[in-house]
Amino acid sequence: MDARLEAVRDTVLARNPGEAEFHQAVVEVFESLGPVHDRHPEFLEAAILERLCEPERQIIFRVPWTDDSGRVQINRGFRVEFNSALGPYKGGLRFHPSVYLGIVKFLGFEQIFKNALTGMPIGGGKGGSDFDPSGRSDAEVMRFCQSFMTELYRHIGEYTDVPAGDIGVGGREIGYLFGQYKRITNRYESGVLTGKGISWGGSLVRPEATGFGTVIFTEEMLKTRGSSFDGQRVVVSGSGNVAINAIAKAQALGAAVVACSDSSGYVVDEAGIDVGLLRQVKEVERGRLKDYVLRRSGVSYVEAGSVWDVDATVALPCATQNELDGGAAARLVRNGLLAVGEGANMPSTREAVAVFQEAGVLFGPGKAANAGGVATSALEMQQNASRDSWSFEHTEQRLTDIMVGIHDRCASTADEYGEPGNYVLGANIGGFVKVADAMLAQGLI
Ligand code: GLU
């Protein structure tokens, strides 16, 4: 790494002790940025990197609620408003027991670059809670969401900060959060949250957008090698919203998706995952992958194993951070892997990324490949602002254009900096330069 950047990196790591995921995200971006600073010494003079790594505002709050047996429960809520150079803070809320400040900051940091790459006017932020929604009743989830919003509402707004979903936060949670915001503020401010239901200000294609977008981005990478999804053997990790829609889109493009997973194990379905059944089990019944296996013949279920043991030509990690390590990457490469499209945020460890890049595997990092979700959130904001709603076809076309645009921007930036095919470099530099230019223009704030 460039010596000037090393010094900044060391300061950032020392100022943020114990936040391993945030460190990982920062180091990965810094490793790409040496050549940018050779060309733009003004970024160094204005301490753009130091400022970029320090969130504009960090909010941590108590979330008290009562469970169905009347017991008081306390969780911790977070919202990190990271960077507003390009627009209001934008990014999801994650409800998962693993959530702590380091996770929220890594996600918020990634979101800055991702949102810049979409070309939409959105800054970067992220939030969430260590609340575990699994096994909780609808009424418990509602009480938790209402309590969470009773603190969060004062910090957000359509021109300030616009949360959405992430792991553990889907349409149900956004509904409860929106209802409470409306009740407290007495404003029907549709643009304050995205991922809303279609009848009350949501956008068509938003539920599908992250998974669809990941596949569209990966298809563009495959095209650069004269290939496509048609006939590929695909393995997807996860079985939530992103995974399900990635499976659906890959199959629509002619791929065979033969495996997916949850935190208990993975399923191999050589006939191709039945997306209708998977949606029923996971989205309607809120069940586990085991329930899919019980209702479909000819499939095998591997408890506690790694889905990356299944050979594939295309891998789409759509579960969570650091789910694919160097060993798994090496196995996938040995088994004939061509491409990886990250549907989750930072699912590949730094070792795994190095293995893919050394082997010449096409590698689309999450901040580029999974940007379709937040991009479609920005389209939802656009519809809300104009009090309009667009057709599925029109919205999907906008999503496709945005994903192709992100791909081309990453590819041309990598070319420009002398590393053709390096989408990590292209995404980091492409996103950074846009934000850095805006920060420079807006003065020392
Ligand atoms: N949580 C999603 C992401 O990681 C979407 C955020 C949004 O729509 O604001 O990008």
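Miscellaneous remarks
- DSSP beta bridges in the stretch 38-192 [antiparallel fraction, %, rounded to 5]: 70
- Volume per residue of the C-alpha convex hull in the stretch 342-402, rounded to whole Å³: 79
- Accessible area (Å², per residue) of the stretch 1-134, counting only protein heavy atoms and a probe of 1.4 Å: 37
- Sequence-distant contacts, meaning Cα pairs under 8 Å at least 6 residues apart, place the relative contact order of the chain at 16 percent.
- Nearest-0.05 FRET efficiency for Glu270 and Tyr188, computed from C-beta distance (R0 45 Å): 0.35
- For the chain, the Cβ-based charge dipole about the Cα centre amounts to some 1180 debye (Lys, Arg positive; Asp, Glu negative; other atoms uncharged).
- Where the stretch 347-426 is the region considered: accessible area per residue in Å², 1.4 Å probe: 39
- Computed FRET value (nearest 0.05) for Gln58 with Glu6, which takes r as the C-beta separation and R₀ as 30 Å: 0.75
- Probing with 1.4 Å while keeping every protein chain in the model, the per residue accessible area of the stretch 142-271 equals 35 Å².
- Distance between the stretch 350-401 and the stretch 185-251 - C-alpha centres, whole angstrom: 7
- If you plug the beta carbon distance of Glu45 and Arg76 into 1/(1 + (r/R0)^6) with R0 = 60 Å, you get a FRET efficiency near 0.95.
- Accessible-area composition of the chain, carbon plus sulfur, in percent [1.4 Å probe]: 50
- Translational diffusion coefficient (Stokes-Einstein; Kirkwood radius from C-alpha pairs) of the chain at 37 °C, 0.692 mPa s, in µm²/s: 150
- Inter-probe distance in nm under a simple model that places probes 7 Å from Cα toward Cβ, at Asp68 and Arg387: 4.2
- Sorting Glu358, Glu56 by accessible area puts them as Glu358, Glu56; the probe is 1.4 Å, largest comes first, and only protein heavy atoms count.
- Relative to the Cα centre, the charge distribution of the stretch 96-238, modelled as +1 at Lys and Arg Cβ and -1 at Asp and Glu Cβ, gives a dipole magnitude of about 140 debye.
- Springs between Cα atoms under 10 Å define the GNM used for the chain, and in it the highest mean-square fluctuation of Ser263, Ser228, Ser386 occurs at Ser386.
- Model label sites at Asp401 and Trp200, defined 7 Å from Cα along the beta-carbon direction, differ in position by 3.1 nm.
The values are calculated or read from the model by the stated rules, or taken from the named source; none is laboratory data. From a predicted model like this one, the values you see are computed outputs, not experimental measurements. Ideal geometry is used to build each Cβ from the backbone, glycine not excepted, and the neighbour counts take in all protein chains shown. Only protein heavy atoms, including side chains, enter the accessible area calculation; ligands, DNA and RNA are left aside. Shrake-Rupley method; radii C 1.70, N 1.55, O 1.52, S 1.80 Å.
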